[in-house]
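Report on the structure given below.
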């Protein structure tokens, strides 16, 4: 957008950047898991280690090593770095790293539970803004529900203290929810409160279907499997704002649905971006830790990881017989979260179909009217016509699946 | 003073100007990207800036060592445009950048 009255300076917002229509920087975005440790112990979490895990802490990247990565990321054109974890603020050097990154000209997207936000950190975030809204996950509106999930006494009060500091200092943030048995009755209260937050442009997003532990911790996986939302229930929850959901799905399906063939990657993982774990290992995405798909930055560079290693991984093909007979031919691919990262967390492979994700995609497709009961996505031959009919339905003709 | 609502800063051709320490100027794929470091530079929380070609030609010369009139002379020698027009461009951009605290006068 050109400033009115001044043609020389052009204001850019993250969504509207007119830059790089033809040539993009090598690296656009980077996720850094600053630590796998967390001061909460959430029942559903796919990546937390205890806050006082001294072995993990010792293995973590040093301050200097993270600064080197941030410098290289900036030199490769990166604009936004996501600081995530674990709980990133748990690192003793968090403020130092944050300031360093901002001085490199990077925008910071901070994922946090807000429990460790102190008055001085809130002041810093106010004075030197991250330039991206902080994303705070809220586990419940009541102490009993919140701490049933975090399993950490005092975390409810700490989180509210942190959130109030952000509000007080006018640091832009949004809140996100997780749908779990202890907080299922609090959705309305959460959304009502979220709507009072100045920077919330929309209803809060929810994590509904949980990934297994990304280090494949079987003990934790047993718990996660037990509390996972049933596919039909989760789909119904996501579609509770029926008209808006249908509108979004029509737009989505008209663009992204269709069989992927034997390609392993149908997402954008590793394209102009990536993730670095707490120990300096580059991954194409945050959940993909299969040994064949990771690159040790301690023995290489971010440039090499992005420009040579990522394309090699992305070129890999699926060869699991079930994948080839089902997923490769399934037109629900756009609705299904089956990917190498999920296969890794569930099965320790890159291409074994994940039944839970398959059930979710089929439940969603049935709810949208794209599939009949008992029909499977890979059996459907007239999928193009179905998608066309679905996407072209008018607003008024949009089916109301729950009759509400 | 909010960026975007203040009155235009007085810009003097005898003064020197340089990028403020409150921003980071980056060159990414040939584009100059101005990233605010402190709050109060932009109107929104995620705002970045870039300059058009004319703006970049001016920006590259604002190093805190040359007076604005010397910058004007350089631009007039390089670009085939009436000196008056170049001066309007130069003053216009510098005023805007000073108002937004992206550029500061060297005292």
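Nothing in this text is a laboratory measurement; each read-out follows from the coordinates by a stated rule. For clarity, every value in this text was computed on a predicted model and none was experimentally measured. All Cβ positions, even for glycine, are placed from backbone atoms using ideal geometry, and neighbour counts span all protein chains on display.
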Quiz prompt | Computed over segment A:123-164, Cα set: Rg, Dmax in Å | solution = 12.6, 35
Quiz item: Looking at the P(r) of the protein assembly as shown, how many percent of alpha-carbon pairs lie beyond 44 Å?
Solution: 23
Exercise. Return the average number of partner chain Cβ atoms within 10 angstrom of each residue Cβ along peptide A:66-77.
Key: 1
Exercise. For chain A, set up a Gaussian network in which alpha carbons nearer than 10 Å are linked by springs, and say which option among A:292, A:283, A:338 fluctuates the most.
Key: A:292
Quiz prompt | Quotient of Cα Rg and 2.2 N^0.38 Å for segment A:52-100, N being how many residues it contains | solution = 1.20
Quiz item: At residue B:107 and residue B:52, where each label point lies 7 Å from the Cα along Cα→Cβ, what is the point-to-point distance in nanometres?
Solution: 3.4
Practice problem: Find the Cα radius of gyration of segment A:29-256, compare it with 2.2 N^0.38 Å by division, and give the number to two decimals. | Solution: 1.05
Quiz item: Across bins of 5 angstrom width beginning at 0, how are the C-alpha pair distances of segment B:52-106 distributed, in whole percent?
Solution: 4, 20, 34, 27, 11, 3, 0
Self-check item: Ratio of the Cα radius of gyration of segment A:253-404 to 2.2 N^0.38 Å, where N counts its residues
Solution: 1.20
Quiz item: Rounded to the nearest 500, what is chain A's calculated 222 nm mean residue ellipticity when only DSSP H runs of at least 4 contribute -39500 (n - 2.57) each, over all residues?
Solution: -10000 deg cm²/dmol
Quiz prompt | Whole-Å distance, taken between Cα centres, linking segment B:59-107 and segment A:140-185 | solution = 51
Self-check item: Label point distance in nm, residue B:66-residue A:148, each placed 7 Å from Cα along Cα→Cβ
Solution: 6.9
Quiz prompt | Mean shadow area of chain B over all directions, Cα convex hull, nm² | solution = 6.9
Quiz item: Could you give the distance between the Cα centres of segment A:32-65 and segment A:196-236, to the whole Å?
Solution: 20
Practice problem: Calculate the tail of P(r) for segment A:63-180: the fraction of all Cα-Cα distances greater than 24 Å, expressed in %. | Solution: 28
Quiz item: Averaged across the residues of B:23-33, what count of C-beta atoms belonging to other chains lies within 10 Å of each residue's C-beta?
Solution: 5
Quiz prompt | Per-residue average of Cβ from other chains inside 10 Å of A:125-133 | solution = 4
Quiz item: Among B:21, B:95, B:53, which one shows the biggest mean-square fluctuation in a GNM of chain B, springs joining Cα atoms closer than 10 Å?
Solution: B:53
Quiz item: When each pair of different Cα atoms in segment A:127-247 is counted once in the 1/r mean, what is the Kirkwood radius in angstroms, to one decimal?
Solution: 15.9
